[in-house]
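Here the structure is laid out as structure tokens; the discussion comes afterwards.
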Amino acid sequence: MKTLLIFLTCFFLNVFSQLATAEEVSVYVTGDPIQTGSAANLKARFQNVATMNGTSVDLLGEVVSQTTNKTNNFWQGGVWAQPGDFVFSFNNMVIGEPRQATVRWTFLESGTSTPVVFDEFTITIDDLDHKLSGGDGRIETVTTSNAISYTVDTLTNLSVNRTANALTATGSANQNPGDKDGAIRYRFLQLSSFTMTYQTEPRGATNSAFHHDAHGSFKFDDPVDTNIGVQLYYTYHFENEEDVPVTVDFSSTLPAGLAWDTGFVPENNGSLSGGIPTYSNQTIGISGLLLDPGQHSLVFRTIRTSASGTISTSGKVMATAPSGTYRDATAVITLP
């Protein structure tokens, strides 16, 4: 009979305790991307945008969902956006047809499909408009669930709202590129990828462009930083007491107040391999995780989505070995 033991430990990492030690990476685009596909299948690869540990890095943008089959575009800054920016835009907009698209951005070793984890980076999106009519009439919104803090100007015109698992900024005035009161800066830690959802309600404009400054050129007059919350690292400890490898399937469901950080690359310690994590709402699952005899651990990261309180993960972790044995893990977490 094969025996597989699973335990769960967790700890909080205060975001700002790490900001002082993380190395912020500058992402600077020098040319238009190589684009393939179209509409909901559009992909764009910006080449040689950064360097990490001596390795050149590309930035891949992929449209993963959108509300219409209309044309989108990726391009470099320098016209309306600042030089070095990367841009995503909606084209051929018409009044009465709101546009929305979710884009997954991924850092890859240049010319490969190998993800590159950045310790820290920021992205500033400016010129978020709210104009109800005219040739440039549009209402623009951007949403992300991966940021750990954000910055706006003291006199910001933006409406910034935090929901259960996302941070949304919407324009509330007619802005111009470079306006301090129409911009928001997101800060990210230890990610190889992140997602942004862009939304525009056309009110006369036919195009809508979202500028991304990831090289720190945009400066606020009087910046105000807001910490979204602490991050929680979940460590799953596996022990295979057999003399042969064991293949494991397991899943874990988070309670309200936490969301899986899907851009975080799981860390492992010990001899375990195989199994690609899949995320569905607040559940993570891995099939085909191969454990050699002995002890192992696997670390995932979550993002806090509630402001305070106590949450419990009792009985939420399950794994199955070929014998069908598993052990529930229990943890009670108090949010500061």
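The values are calculated or read from the model by the stated rules, or taken from the named source; none is laboratory data. If you're wondering where the values come from, they're calculated on a predicted model, not measured in any experiment. As a convention, Cβ positions derive from the backbone with ideal geometry for all residues, glycine included, and neighbour counts pool all protein chains shown. Only protein heavy atoms, including side chains, enter the accessible area calculation; ligands, DNA and RNA are left aside. Shrake-Rupley method; radii C 1.70, N 1.55, O 1.52, S 1.80 Å.
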For K43, counting only aspartates and glutamates whose alpha-carbon sits under 14 Å away and dropping same-chain residues fewer than eight positions off, the answer is D32, D58, E62
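For K180, K219, K43, what's the largest-to-smallest order of accessible area, 1.4 Å probe?
On the way: K180 65, K219 125, K43 90 Å².
Final ranking, largest accessible area leading: K219, K43, K180.
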Taking R0 as 45 Å and r as the Cβ-Cβ distance between N92 and E241, the FRET efficiency 1/(1 + (r/R0)^6), rounded to the nearest 0.05, comes to 0.15
Across the alpha-carbon set of the range 21-174, Rg over Rh with Rh taken as the Kirkwood radius works out to 0.96
For a quick check: with amide H placed at 1.01 Å from N, whose amide H comes under 5 Å from D261's, ignoring anything fewer than 5 positions away on the same chain? R301, T302, I303
In whole Hz, the Karplus estimates of ³J(HN,Hα) for the range 195-201 (6.51, -1.76, 1.60; θ = phi - 60°; x where Gly or Pro) are 10, 10, 10, 10, 9, 9, 9
Taking Rh as the Kirkwood radius computed over C-alpha pairs, what is the Stokes-Einstein D of the range 160-240 at 37 °C in a medium of viscosity 0.692 mPa s, expressed in µm² per second? 201
Round to the nearest 10 and report in Å² the accessible area of S193, as given by a 1.4 Å probe over the protein chains' heavy atoms. 20
Computed label-point distance, nm, for sites E24 and S297 using a 7 Å Cα→Cβ extension: 3.1
Multiply the residue gap between L132 and T114 by 0.36 nm, knock off their C-alpha separation, and tell me the result in nm, one decimal place. 2.1 nm
Send over the semi-axes of the range 112-222's equivalent ellipsoid, whole angstrom and largest first, taken as the square roots of 5 times the C-alpha gyration tensor eigenvalues. 25, 16, 13
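Between T55 and Y279, what length in nm is gained on full extension when 0.36 nm per residue of separation is reduced by their alpha carbon distance?
Extra length from T55 to Y279 when fully extended: 77.7 nm.
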Ignoring everything but the protein chains, give the 1.4 Å probe accessible area of T168 in square angstrom, nearest 10. 30
Regarding the range 93-156, what are the three Cα extents along the principal axes, ordered largest first, in Å? 45, 32, 18
With every protein chain left in place, what is the accessible area of I123 in Å² (1.4 Å probe, nearest 10)? 0
